[in-house]
Amino acid sequence: HIHNVINSFYTFYAKNIAYTLFLCYNKHIQAEGANSMITYRKLFHLLLDRNIKKKDLQEQAGITASIMARLAKDENVQVDTISKICDALNCQPGDIMENILKSQEGDK
């Protein structure tokens, strides 16, 4: 399964393969009590900087309100969701998400 994800995602984001792998395993890692997590704060800062409403992104990217809510809560989303958002915003995954240490979570 991960091989299929990598092959399809590699076409669009060759420079972000390692980051994509981390995202694919993020749910498993969090379940194991990892010291880091993915946050989507950069996405919401980007929307503010570009004066784009969340509803507009939903329409442009073809994602649901529940996915937007998951992003706002820094919950797991599928790789194809990240791809849709990056396509809509003409950006790379690293522009909309980052890996932070849980100990730094309160510092941001």
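If R0 equals 25 Å, the separation of the Cβ atoms of LEU48 and GLU75 corresponds to a calculated FRET efficiency of about 0.75. State which entries of LYS55/LYS84; LYS54/LYS102; LYS53/LYS84 exceed 18 angstrom in Cα-Cα distance in the structure shown. Result: LYS54/LYS102 exceed 18 Å.
Quick note: the coordinates plus some simple rules give every number you see, no bench work behind them. Note that the coordinates shown come from a computational prediction; the quantities given were computed from them, not determined experimentally. All Cβ positions, glycine included, derive from the backbone under ideal geometry; neighbour counts span all protein chains shown.
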